[in-house]
1. Note the angle between two axes, namely the Cα long axis of helix 42-53 and the longest principal axis of the Cα atoms of the chain, as a number of degrees from 0 to 90, rounded to the nearest 10.
2. Check cross-link reach from K81 to the lysines: straight Cα distance under 22 Å, and skip same-chain residues fewer than eight apart.
3. Which of the aspartates and glutamates could a cross-linker span from K15 if the Cα-Cα distance has to be under 18 Å and same-chain partners fewer than 8 positions apart are dropped?
4. Mind pulling the angle between the C-alpha long axis of helix 124-149 and the longest principal axis of the chain? Nearest 10 degrees, somewhere in 0 to 90.
5. What is the angle, in °, between the Cα long axis of helix 89-100 and the longest principal axis of the Cα atoms in the chain? Nearest 10 is fine, range 0 to 90.
6. Treat every Asp and Glu Cβ in region 103-174 as -1 and every Lys and Arg Cβ as +1, leave all other atoms uncharged, and give the resulting dipole magnitude about the Cα centre to the nearest 20 debye.
7. Suppose every K and R has +1 on its Cβ and every D and E has -1 on its Cβ; what is the size of the dipole of the chain about the Cα centre, in Debye to the nearest 20?
8. If I ignore ligands, DNA and RNA and count only protein heavy atoms, how much of D60 is accessible to a 1.4 Å probe, in Å² to the nearest 10?
Amino acid sequence: MVYHSSFVDEEGISKACGCPLLPLKSHIRGPAPVSEQDTTDIVDEAITFFRANVFFKNFDIKSSSDKLLIYLTLYINIALKRLEGCRTLAEGTKAIINLGLENVPVPGETGFPFPGLFSAPQSQKEAELFRNYLKQIREETSGRLLSVAYRPNGTPNKWWSAFSKRKFMNMVLP
């Protein structure tokens, strides 16, 4: 059974391209509202559920937050593939920073991994808001992923690196 997001139809949450702009426990500047440090956010859920959800080829969407969970699961999968050859935390950090510097496509642009998952932006302002949110959430996910993908001594955690070989929803990644 697929793990779904606990953020179901949150009141007062704005949306861009049909995606809720959920609060993040983040120090990274961006359009996401700031969440309290002692609460669980969507990035925590994505990392916690990744190792179970990556085995599924189908994902039944129950809320718009599940769409964001799917996007983050794919992003974690891509990040783990980039970390695959990195033997130290320093090498992994460099690889993740390079991944973060890449262009972040929005729905309707070439390179967006899930056409049809999110609606196309209605305006350039909405496109930029969504791009900035995805960039912020990717950076936050990358930082937290490094803390679980590497042990405190800086060596790779084999219980996470083993998942770099998995395909999420049968997607072939670059």
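The values are calculated or read from the model by the stated rules, or taken from the named source; none is laboratory data. These numbers were taken from a predicted model, which means no experiment stands behind them. When we count neighbours, we look across all protein chains shown, and the Cβ atoms used for this are built from the backbone with ideal geometry, even at glycine. To get the accessible areas, we keep the full protein, side chains included, count just its heavy atoms, and leave off ligands, DNA and RNA. Shrake-Rupley method; radii C 1.70, N 1.55, O 1.52, S 1.80 Å.
1. 60 degrees
2. K57, K67, K94, K135, K158, K165, K167
3. The qualifying aspartates and glutamates are D41, D66, E126, E128.
4. Helix 124-149 and the main axis of the chain meet at about 30 degrees.
5. Approximately 30 degrees, to the nearest 10.
6. On the way: 10 positive and 5 negative charges, 94 e Å.
Charge dipole, region 103-174, about its Cα centre: 440 debye, nearest 20.
7. Details: 21 positive and 18 negative charges, 176 e Å.
Using Cβ point charges on Lys, Arg, Asp and Glu, the chain gives about 840 debye.
8. My reading of the accessible area for D60 is about 100 Å².
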